[in-house]
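This report refers to the structure that appears directly beneath it.
Values quoted throughout were computed directly from the atomic coordinates according to the rules given, and no laboratory measurement underlies them. Since the structure is predicted, the reported quantities are computational estimates derived from the model, not experimental observations. Glycine also receives a Cβ, built like all others from the backbone with ideal geometry; neighbour counts cover every protein chain displayed.
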Amino acid sequence: MSDPVIARREGQIGRLTLSRPKALHALNLEMCEIILAALSDWASDDEIAMVMIDHDPETRGFCAGGDIRMLAESGAGDASEARAFFAAEYRMNAAIKNFPKPYLALMDGITMGGGVGLSVHGTHRVATERTVFAMPETGIGLFPDVGGGWFLPRLRGRLGTWLALTGARLKGLDVAAARVATHFLPSEMLPHLKRQILNADYSGGAAEMVGEVLRQNTHSVPAGSFEGHVEAMGRCFGFDTAEEIVAALDAEDSDWAREQLATLATKSPETVKLALRQLREGARLDNFEENMAMEYRIGWRKVQSHDFQEGVRAVIIDKDNAPVWSPATLEGVSEADVEKYFEPLGEHELTFG
C-alpha cells in the first residue's frame, strides 16, 4: 500500500504529493505526521530552497478536508483519536505558516477544510479553473478550523465572515480575486509550471525566483464575481452577534441578502455563533500559534457536541440532509453555550515545540 503523502527531494525542491485519491486526498493522522516531519527536516536543510505541494495527477481534488467520519466516530467515544488528529494537523498548519522558505501550494481542484490549511498558510498559492474553495463546517456542526480564525478575518472587508458563516464556495478566478490564492493559471499549464519550478536556479534567492516563475506563467486576475456584494457584506456581516447579522440581512431587502438568510437558516445555530466568536477572537490575536491553541480548545470539545454528531449523521452517514440542530434557533444559543468551547484546557493545551 502506497504512502498517502509522497515526500521526497527533487533537486532543490522539497516535494509533497497527496496520494489518497479515493478520499479526494482528505487528511488523516498519518498524512499530517508525514508532512510535519518533512517540513521539520527541510526547514533547516540548506540544500532545500523551497517546498511544493500538489496531488497525484489525473486524480480529482487537491484536498477535500479531513477525515470527518473518523472525527465523528471518535467523538462518539472518548474523542482521543480526534484530538490526536487535531494536535498533529494544527502543528502542521503552524509549520506551514512559519516555514522559513517559499511554500508553493498548487490548489488544483477541491480545496476545503483541511485542504485549506495545507495551502492558505503558504507563501505562494496557485488556483486553477478547477479550484473550489470552501469552509463548509457550519453545515455539519463543526467549525472553520485549520487556522480559519486567523486567515478568514484577514481577508478584505467582511469576506471571511461571509465565507465562514455561510460556507459559500469560491471557484476558479474568484479564489485568487479573494486573495485566498496568490496566483491563477489554467490547469493545462500546471505541468509546465512544475517543470520550471523543479529546474529553476535558486542560488540568487528562492523567493525571488519562485515569484519570477509565477509571474511568467500565471494570468492576471479580474474582479471577483462576488465584488458586487462586497459593500453589502460590509453592512451585514460586520456585527459581532449572529442575530444582528440576520437582522441586517433582513433589512437589506435584496435577492442576495435573502439567499444568505436562507443559507444561514440551514446551518447549526450553535456553530454559526461559535464561528463568529472564533473569527472575532482570531482577528485580535498577535500570533498564529495562539489562534491554533484557541481552535484546539474548540475542536477538543466540538467533536463530542450534539450538532457535530447530528450533522455528520445527516450529511455523511444517512445523507438525508435534514439535521435536527439543538438548540434549533440562534436565540436559543446562550453566551454560555458558546463560551464553554473557548475555556482553557489546562494540562491538555496545545503546545508547539
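Every residue in the stretch 211-229 that is surrounded by 13 or more Cβ atoms within 10 Å (Cβ to Cβ), out of contact with any Phe, Trp or Tyr (no Cβ under 8 Å at 6 or more places or on another chain) and of a type in the set (A, V, I, L, M), please. Result: V213, L214.
Taking first residues from the stretch 1-20 that are farther than 17 Å from G65 by Cα and partners that are in a strand (DSSP E or B) and of a type in the set (S, T, Y), the Cβ contacts under 6 Å between residues at least 6 apart in sequence or on separate chains come to I6/T17.
Is there a residue in the stretch 339-352 that is of a type outside the set (A, V, I, L, M), more than 22 Å from the chain's Cα centre (by Cα) and closer than 30 Å to R156 by Cβ? Yes, the stretch 339-352 contains a residue that is of a type outside the set (A, V, I, L, M), more than 22 Å from the chain's Cα centre (by Cα) and closer than 30 Å to R156 by Cβ. Within the stretch 61-79, the set of residues being loosely packed, with under 15 Cβ neighbours inside 10 Å and not aliphatic (A, V, I, L, M) comprises R69, G77, D78. Screening A43 against (1) more than 29 Å from D307 (Cβ to Cβ); (2) in contact with a Leu (Cβ under 6 Å, 6 or more places away or on another chain) leaves a single unmet condition, (2). Note on the stretch 36-70: residues that are in a helix (DSSP H, G or I) and aliphatic (A, V, I, L, M) total 7. The single condition among (1) under 25 Å from P144 (Cβ atoms); (2) without any contact (Cβ under 8 Å) to a residue 60 or more places away in the chain; (3) of a type in the set (S, T, Y) that S40 does not satisfy is (1).
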